[in-house]
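Derivation of every value follows stated rules applied to the coordinates shown; laboratory data play no part. These numbers were taken from a predicted model, which means no experiment stands behind them. We place every Cβ from the backbone using ideal geometry, glycine too, and count neighbours over all the protein chains shown.
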Amino acid sequence: MRVNPFTVLAVCAARWSSYGSLLGSDATRALGRQLAALRAGEGEGDRNTAADRAARTLLDALPPEIAAALREEGDRTRFSGSPSAVQHQGYSVRDLCMVVVDGNPMIGPFLGPVRERLLSEPAVPWHTGLDPLLIVLSGDDGRRQVPLFQCEVGTMPWRVVLDVNAVLGADSDPWGVADWWLAESTWWRRTPASLLGQGRDAELRGAAADLDRED
């Protein structure tokens with residue numbers, strides 16, 4: 001194709017909230033496979049081939065007028081330097097990989113820094129057998145990890161953590177619940193996670209219940 005596929009994919013990442021709903025299920029699955037191959041590519045040639053296929057899938061699946069505008073934005077003559085480093089409004093192909101392959105919404109210039117802050121906390125790799133109520137986060141490489149603040153000993157979770165995670169819906173919004181635990185609370189002037197093991201379990205459960213009622 002005559003366009004820079006990495007630019008096409010970066011633009012799609014920036015507009016995924018609207019573009020994603022325009023793709024059929026088959027195209028979305030194909031795009032996911034191609035992006036997974038792009039991320040796993042061992043050399044520039046493999047990554048470029050996967051990017052070409054992913055961009056073609058997008059352009060073929062989107063409505064003609066949107067695809068035409070996307071082709072114009074992806075014109076190779078507009079860009080220089082490393083193709084894979086191309087960004088559009090702070091989004092890159094890495095962001096599209098996260099949202100399509102991993103279902104990770106924490107992408108772009110605003111949510112990306114929050115993702116990195118939460119991922120920088122001590123954690124262990126996720127593995128089968130861990131309690132399903134534990135928060136599980138995924139990095140930009142798709143690897144899943146479990147923040148260790150949730151665990152009393154090893155990977156044995158605090159009972160109150162499981163209770164709060166269930167109330168706040170960590171299964172559907174792990175990033176939001178992780179941020180609740182790890183961001184300083186205006187009520188306590190410290191993070192809720194810092195209260196674990198301090199005899200404050202009733203307060204933590206009460207705060208989670210209050211937040212759930214507000215929602």
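Assuming R0 = 22 Å, what is the FRET efficiency of residue 18 and residue 60, from their Cβ-Cβ distance, to the nearest 0.05?
Values: r = 18 Å, r/R0 = 0.80.
For residue 18 and residue 60, the calculated efficiency is 0.80.
Where is the GNM fluctuation largest for the chain (alpha-carbon springs, 10 angstrom cutoff): 35, 58, 111?
Per the Cα network of the chain with a 10 Å cutoff, 111 tops the list.
If you wrap a convex hull around the C-alpha atoms of the chain and split its volume per residue, what is the figure in Å³? Write down the numbers at each step before the final one.
Details: hull volume 31.0 nm³, N = 215.
So the per-residue hull volume is 144 Å³.
Any chance you could check the Cα centroid distance between the range 5-82 and the range 96-126 for me, in angstrom?
Centre-to-centre (Cα) distance: 20 Å.
Between rounded, prolate and oblate, where does the range 16-106 land on the alpha carbon gyration tensor, with a ≥ b ≥ c its root eigenvalues, rounded for a/c under 1.5, else prolate if a/b exceeds b/c? The partial results should precede the final answer.
Numbers: a/c = 1.41, a/b = 1.07, b/c = 1.31.
It comes out rounded by the Cα gyration axes.
Quote the FRET efficiency, to the nearest 0.05, computed for residue 191 versus residue 126 with a Förster distance R0 of 22 Å and r equal to the Cβ-Cβ distance. Each step should come with its number before you reach the end.
Details: r = 22 Å, r/R0 = 1.01.
Approximately 0.50, to the nearest 0.05.
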